[in-house]
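Note sheet for the following structure.
The values are calculated or read from the model by the stated rules, or taken from the named source; none is laboratory data. Because the structure is a prediction, the values reported are computed rather than measured. Reconstructed Cβ throughout: ideal geometry from the backbone, glycine too, with neighbour counts over all protein chains shown. Each accessible area value is taken on the protein alone, full model and side chains, heavy atoms only, with ligands, DNA and RNA left out. Shrake-Rupley method; radii C 1.70, N 1.55, O 1.52, S 1.80 Å.
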Amino acid sequence: TEEKSLHFIEQIIEENLSNGFPQNKLRFRFPPEPNGYLHIGHAKSICLNFGLGLKYNAPVNLRFDDTNPAKEEQEYVDAIKEDLQWLGFQWDKELYASDYFQQLYDWAILLINKGKAYVDSQSSEAMAEQKGTPSQAGVDSPYRNRSIEENLALFERMKNGDFEEGTHILRAKIDMTSSNMLMRDPIMYRVLHKEHHRTGNDWCIYPMYDYTHGESDYLEQVSHSICTLEFVMHRELYDWFLDQIYDENQVRPHQYEFARLNLNYTVMSKRKLLQLVQENFVNGWDDPRMPTISGLRRRGYTAASIRKFCENIGVAKRENSIDYSLLEFCLRDDLNKTAPRVMAVLDPVKVVITNYPEGKEELLDAENNQEDESAGFRKLPFSKEFYIEREDFLEVAPSKFFRLSIGNEVRLKNAYIIKGESVVKDAEGTITEIHVTYDEDSRSGSGSEASKRKVAGTLHWVSIPHAVAVEVRLYDRLFTDEAPDSHKEKSFLDFINPNSLSIIKGFVEPSLATAVSGDKFQFQRLGYFNVDKDSTPSKLVFNKTVGLKDAWEE
Ligand code: ATP
Ligand code: MG
Ligand code: MG
């Protein structure tokens, strides 16, 4: 097997191990904020963290970073767990930053007692003004030198609910002249009179991300805390907070940053995805056009294809944008091996074989997947009347038209060679029926000379008396711009594709009558489709998952 080169985080871990870090102390975490559904960007972080867990036989915690009650909900917690499991990963412990609220509060008091935190009672505007700029030192808050007793008393009153939001905050006392703006006395706690999805009304002060994250990693004894590049500047603060509580008999967590996934023709911030949902640009978080894990799943993506995609894009330190087609490539590659081939006609025109006996029916043998011998064969009913795609027929064919036309022959997949004879049209001149003749010795697989005859094209078809009418949802990209959220003057919503969904009626072969939600197929020559969750036995609904790269050849 091919040796894959190690990515930079694996290299760091190898180095740690060779310097004596015990392998059994490796621990990772995936820390989603439950303020939305997971998207394909999260999948990159998931595959990275859980991949390291598998590689080093180390536990990976699922930690909900739930410190902002204004945006977090149980619905999101449940969806995140479902998506993670569907992706094929199992966490060690399910943990919540909110479980640490008491400990974080106690540590905040410790910091106050050490003279390293203080209550500031200014307006946020005043504090912003004092912050300075990267090239200009900040100005100390007039409250920076409050006594420890006063700070303790005020902080307790903040906790007890004596204050309105925005009147007092707790700040770390670090350095108002630091060249790292995040070190200029960052906020640790703010008053929020909001009910939390887990702690209810127990708290009305909530810790900030920067204070919470490192301390949570420490509590969980996470060794390698991996996040995206926006957090590079936060690392100094992460380390500062750890310095205040670190005990050298414990594992000291370290933060490492990698490049987030950016995909073209989509947006990936949860705030923007939520906006698409709330403003009804899509039908929910799991709309098949969404880059969410649940949307991709509903669209027909397999977990294996998403894992493969994450493996292919790799882990690097430099930002870039990945082509959506790479994701589709990974999907097609997987479905090609696993999806049964069936026949469906999405823009039907009726064909009648004039020399085929009236009322006759045959059951033909059809191979389910030529890429997978174990998939076997099925019986496919054939009769005098069937549908083909309207675009597969032209009365007068130009050269190189390898489909049906008057006077020309094509093969019907798994069936006979037919020849175009005449057409029937309505008053507007639209073709309503195509009349053909068939070569009755040419049945596929019969072994006859005629069955081996080469004709220019092969068409898919569905026998009319046996056809099952279905709804088919076709998707186009949700945005018309490659980077919809990169425009200064315009909102990403200005680039919504108004035609990203079209719903049509089609016909499928009868073997699909019993298909259920999630079943995946290749509709021959058309693409990969799956059964949508809206489907019922009396009204089947299919999503187009992805087109075929190459038109199929027999
Ligand atoms: P968003 O901006 O979509 O809200 P977030 O980073 O705030 O993203 P979290 O729920 O905090 O979302 O993310 C959980 C983990 O997933 C974090 O470690 C984060 O770095 C990672 N992550 C989020 N988006 C991406 C992405 N596009 N590529 C790689 N990792 C990501
Ligand atoms: Mg986050
Ligand atoms: Mg976020």
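Some points to look at:
- Residues of the stretch 361-388 that turn out to be open to solvent by 80 Å² or more (accessible area, probe 1.4 Å) and aliphatic (A, V, I, L, M), as a count: 1
- Among (1) out of contact with any strand residue (DSSP E or B) (no Cβ under 7 Å at 6 or more places or on another chain); (2) farther than 27 Å from A375 by Cβ, the one test that T514 misses: (2)
- Tally, over the stretch 135-162, of residues that are touching a helix residue (DSSP H, G or I) at 6+ places or on another chain (Cβ under 7 Å), crowded, with 18+ Cβ neighbours inside 10 Å and closer than 11 Å to Y118 by Cα: 3
- Entirely in the stretch 174-276, the strands (runs of 3 or more DSSP E) that have 3 or more residues that are within 27 Å of F155 (Cβ to Cβ): 187-191, 205-207
- Listed by first and then second residue, the pairs linking a residue in the stretch 470-494 that is farther than 13 Å from L273 by Cα and modelled with pLDDT of 95 or more to a residue that is acidic (D, E) and open to solvent by less than 20 Å² (accessible area, probe 1.4 Å), with Cβ atoms under 8 Å apart and 6 or more places separating them unless they lie on different chains, are R473/D532.
- Criterion (exposed (fewer than 13 other Cβ atoms within 10 Å of the Cβ) and in contact (Cβ under 8 Å) with a residue 40 or more places away in the chain) met by exactly one of E358, E391: E391
- Only one of A397, A366, A344 that is in contact with a strand residue (DSSP E or B) (Cβ under 9 Å, 6 or more places away or on another chain) and more than 29 Å from V468 (Cβ to Cβ): A397
- Note on the stretch 305-344: among residues that are open to solvent by 40 Å² or more (accessible area, probe 1.4 Å) and of a type in the set (A, V, I, L, M, F, W, C), the one that is farthest from D365 (Cα to Cα) is A316.
- The set of residues in the stretch 163-186 being closer than 12 Å to S121 by Cα, surrounded by fewer than 21 Cβ atoms within 10 Å (Cβ to Cβ) and β-branched (V, I, T) consists of T167 alone.
- Evaluation of H197 against (1) of a type outside the set (D, E); (2) within 30 Å of Q136 (Cβ to Cβ); (3) within 16 Å of ligand 1 (Cβ to nearest atom); (4) not assigned by TED's automatic domain parsing to the domain that holds Y76 (one fails), failing number: (2)
- Of the criteria (1) among the hydrophobic types (A, V, I, L, M, F, W, C); (2) closer than 30 Å to M290 by Cβ; (3) open to solvent by less than 30 Å² (accessible area, probe 1.4 Å), which one L26 fails: (2)
- Complete set of residues in the stretch 277-304 that are open to solvent by less than 10 Å² (accessible area, probe 1.4 Å), in a loop (DSSP other than H, G, I, E, B) and either under 16 Å from H42 (Cβ atoms) or out of contact with any helix residue (DSSP H, G or I) (no Cβ under 9 Å at 6 or more places or on another chain) (or both): M290, P291, Y301
- Candidate set from the stretch 445-465 (those that are touching a residue at least 40 places away in the same chain (Cβ under 8 Å) and surrounded by fewer than 20 Cβ atoms within 10 Å (Cβ to Cβ)); member that is nearest to V508 (Cα to Cα): I464
- Being open to solvent by less than 50 Å² (accessible area, probe 1.4 Å) and of a type in the set (V, I, T) holds for only one residue in V396, V423, and it is V423.
- Residues that are surrounded by 11 or more Cβ atoms within 10 Å (Cβ to Cβ) and not β-branched (V, I, T), drawn from the stretch 426-436: E433, H435
Residues checked against (1) more than 15 Å from D65 (Cβ to Cβ); (2) surrounded by 15 or more Cβ atoms within 10 Å (Cβ to Cβ); (3) within 16 Å of ligand 3 (Cβ to nearest atom); (4) at pLDDT 95 or above:
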site: D202; (1), (2), (3), (4): yes, no, no, yes
site: I205; (1), (2), (3), (4): yes, yes, no, yes
site: T212; (1), (2), (3), (4): no, yes, yes, yes
site: E215; (1), (2), (3), (4): no, yes, no, yes
site: Y218; (1), (2), (3), (4): no, yes, no, yes
site: S223; (1), (2), (3), (4): yes, yes, no, yes
site: C227; (1), (2), (3), (4): no, yes, yes, yes
site: D239; (1), (2), (3), (4): yes, yes, no, yes
site: V251; (1), (2), (3), (4): yes, yes, no, yes
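- Residue within the stretch 41-64 that is in contact with a Gly (Cβ under 9 Å, 6 or more places away or on another chain), open to solvent by less than 20 Å² (accessible area, probe 1.4 Å) and within 16 Å of ligand 3 (Cβ to nearest atom) present: no
- Selection status of I13, modelled with pLDDT of 95 or more, among the β-branched types (V, I, T) and away from ligand 3 (no atom under 16 Å from the Cβ): yes
- When Y96, Y105 are checked against the criterion of being in contact with a Phe, Trp or Tyr (Cβ under 9 Å, 6 or more places away or on another chain), open to solvent by less than 70 Å² (accessible area, probe 1.4 Å) and over 17 Å from R63 (Cβ atoms), a single residue qualifies: Y105.
- Extreme residue, surrounded by the most Cβ atoms within 10 Å (Cβ to Cβ), among residues of the stretch 67-81 that are away from ligand 3 (no atom under 12 Å from the Cβ) and not aliphatic (A, V, I, L, M): P69
- A117 being among the small types (G, A, S) and farther than 13 Å from Y189 by Cα: no
- Test: H234 is under 23 Å from R318 (Cα atoms) and either open to solvent by 20 Å² or more (accessible area, probe 1.4 Å) or among the aliphatic types (A, V, I, L, M) (or both): yes
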